[in-house]
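The values are calculated or read from the model by the stated rules, or taken from the named source; none is laboratory data. Since the model is a prediction, treat every value here as computed from it, not as a measurement. As a convention, Cβ positions derive from the backbone with ideal geometry for all residues, glycine included, and neighbour counts pool all protein chains shown.
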Amino acid sequence: MQPFLAQAANRLLNARASQDDPVWPLASAIAFFAAIPDRLAYAQARMRWVMDRQRQRRALLDLNDHRLNDIGISRRQALKEGRKPFWK
C-alpha cells in the first residue's frame, strides 16, 4: 500500500475517536491493510535470518577437525550446535 493510505487512515483514526462513527470501520481497515507490507517484510527478513543460521549450523558439521580447531571449537561442540533445530 502507499504511504498515502497509511497517512489517510491515521488522520481518520485520529479525527474520529468514536467507534460508533460510520467512518471508523473503513479507517481501521485501511490502517490494517497499510501495515501488511511492513509485516511481510519483517517475516521475510526473519525467515532469511533463520535459514542463514541453519545453513551455518549445517556447515559446521562438514568441517574437519583441523578447521574446527582453527575456529576454536571441538567436534562435540560442532555436533551439538549443528544438530539444533532451526527454531532454537
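Table for the structure above
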item: Exclusive hit being among the small types (Gly, Ala, Ser), modelled with pLDDT of 90 or more and surrounded by 10 or more Cβ atoms within 10 Å (Cβ to Cβ), set Ala8, Ala43; result: Ala43
item: Number of the condition not met by Pro25 [criteria: (1) modelled with pLDDT under 80; (2) within 21 Å of the chain's Cα centre (by Cα); (3) exposed (fewer than 12 other Cβ atoms within 10 Å of the Cβ)]; result: (2)
item: Pairs with Cβ under 7 Å, 6+ apart, first in the range 41-57 and touching a residue at least 40 places away in the same chain (Cβ under 8 Å), second of a type in the set (D, E, K, R); result: none
item: Residue match in the range 57-73 (condition: outside any helix (DSSP H, G or I), surrounded by 10 or more Cβ atoms within 10 Å (Cβ to Cβ), in contact with a Lys or Arg (Cβ under 7 Å, 6 or more places away or on another chain) and not small (Gly, Ala, Ser)); result: no
